[in-house]
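Below is one structure, written out as structure tokens; the observations come after it.
The values are calculated or read from the model by the stated rules, or taken from the named source; none is laboratory data. Predicted, not measured: the structure shown is a model, and the values here were computed from it. Here Cβ is always computed from backbone atoms with ideal geometry, including for glycine, and neighbour counts include all displayed protein chains. Side chains are part of the model used for accessible areas, which takes the heavy atoms of the whole protein and leaves out ligands, DNA and RNA. Shrake-Rupley method; radii C 1.70, N 1.55, O 1.52, S 1.80 Å.
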Amino acid sequence: AAWVALAGRSLVPGGLARPELARAIFCQHDSARLAVVRQGHELLLALPLLGARSATNHLSNSGLPLVDAHLGEAALGAFLQSTGGPLILTGIPGEGPFAEALNRASAHNAVIANWHRAALPLRGTYQQWFESNFDRKRRSRYRRNVSELAALPGYAFQSLQPGEDVTPWALAFLGLEAAGWKGQRGTALRRQPGMAQAFVDAAGALHASGLLRFWRMVADQKPVAMVMAIIERGQASFSKIAYDETHARLSPGAMIILEATRSLFEEGGVMLSDSCAIPNHPMLDNIWRDRIA
């Protein structure tokens, strides 16, 4: 509970470093531990660790320490002094309030590697963004793909609704992901010990807190594509995406991202959407043109 409370008042939105997702680390790694800095009953810092490295997992590529918005810099300083040796933080922001606090709190640090990932500041309307972001040829291709998908029997685009049971959505996603290339490579959540249940649990906890957004395209009562995101304090952090590869010709992964983007514009209140993607993502880098360091 203290970890979740810290996430609610952290210096920057936790995104994929939120405890609901980070708990899965302990399902995968018996040697993982949660490093904390406390003040009374409250946490000022929380960071899952594997050895001397911030821990990530198949649900999250973020090794961001959650730190208190007001005392985070002091907590970072106390934590770093207690480590007694080098510490590697992976997948943390290269710019902004956390990076600035880390630089002030650490006596010595070095950037081992850096990259930029796709992001989208939401300004204006979806239609304005769509028209200005893509050339005419690509706009025509995307509209054609949408029309062909919409012509599939029983096609619908759906959003998870408040109060709706998220478990069927999570289970459908697990099945869709396992049926594709991730299943063949053995990286699907169903192929990782404990991760399928961890994903269902995380989706349930995030949905109960009102932080989860889940979108899907369905046809013939089967999912064609699904994607989820966490929304907190005006920022959307995208997490898992999967699609039916039998419809690959129609780019269902790109289409579900476009529909999710439209939903974010329509929802209002979201100022930035972070793809949380790998560097040089072949799809997202060509849809969202802004970058986060």
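Pop the C-beta distance of ASP165 and ALA32 into the FRET formula with R0 = 25 Å and round what comes out to the nearest 0.05.
The calculated FRET efficiency here is 0.25.
Taking 0.36 nm per residue of sequence separation and subtracting the Cα-Cα distance, how much length would be gained by fully extending the chain between THR246 and ARG138, in nm to one decimal?
So the chain would gain 36.7 nm between THR246 and ARG138.
Once you put a point 7 Å from the Cα of SER147 and another 7 Å from the Cα of SER209, both along the Cβ direction, what distance in nm separates them?
It works out to 4.4 nm between the two label points.
Using percent of Cα pairs over 27 Å apart as the read-out, say which of (i) 58; (ii) 38; (iii) 42 was calculated from these coordinates.
So the structure-derived entry is (iii).
Suppose all protein chains stay in the model; what accessible area per residue would a 1.4 Å probe give for the stretch 73-229, in Å²?
54
Arrange the peptides 250-262, 9-21 so that the one whose residues have, on average, the most other Cβ atoms within 10 Å appears first.
Result, highest mean first: 9-21, 250-262.
Hey, any idea what % of the stretch 193-278's accessible area is carbon plus sulfur with a 1.4 Å probe? Mind showing how you got there, number by number?
On the way: 1640 of 3150 Å².
The C+S portion of the solvent-accessible surface of the stretch 193-278 is 52 percent.
Report the local net charge at THR90: Lys and Arg +1, Asp and Glu -1, summed over other residues whose C-beta lies under 14 Å from its C-beta.
Values: positive: ARG53, ARG117; negative: none.
Once positives and negatives cancel, what remains is +2.
Percent of accessible area on the stretch 88-161 owned by carbon and sulfur, 1.4 Å probe? Display every interim value, and only then the final one.
Values: 2430 of 4700 Å².
Solvent-exposed carbon and sulfur of the stretch 88-161 make up 52 percent of the total.
Which lysines, on any chain, are close to LYS182 with Cα under 21 Å apart, when same-chain ones fewer than 8 places away are left out?
Result set, ordered by chain and number: LYS222, LYS240.
Which chymotrypsin sites (Phe, Trp or Tyr not before Pro) in the stretch 109-150 pass both tests, a DSSP loop state and at most 13 other beta-carbon atoms within 10 Å?
Passing sites in the stretch 109-150 are TRP115.
Rank these by accessible area, largest first, 1.4 Å probe: ARG136, ARG141.
Most to least solvent-accessible, the answer reads ARG136, ARG141.
Quickly rank 107-113, 117-123, 36-42, 155-161 as a protection proxy: mean count of other C-beta atoms within 10 Å, highest first.
Highest-to-lowest ranking by the protection proxy: 117-123, 155-161, 36-42, 107-113.
Using 14 Å as the cut-off for backbone N distance, which residues of the stretch 266-280 belong to the label zone defined by a point 7 Å from the Cα of ASN61 along Cα→Cβ?
274-280
Specify whether the C-alpha gyration tensor of the stretch 144-293 places it in the rounded, prolate or oblate class, a ≥ b ≥ c being the square roots of the eigenvalues: rounded for a/c under 1.5, otherwise prolate if a/b is larger than b/c and oblate if not.
rounded
Please give the length that would be gained between SER106 and GLN127 if that part of the chain were fully extended, namely 0.36 nm times their separation in residues minus their C-alpha to C-alpha distance (nm, one decimal).
In short, 3.1 nm is gained.
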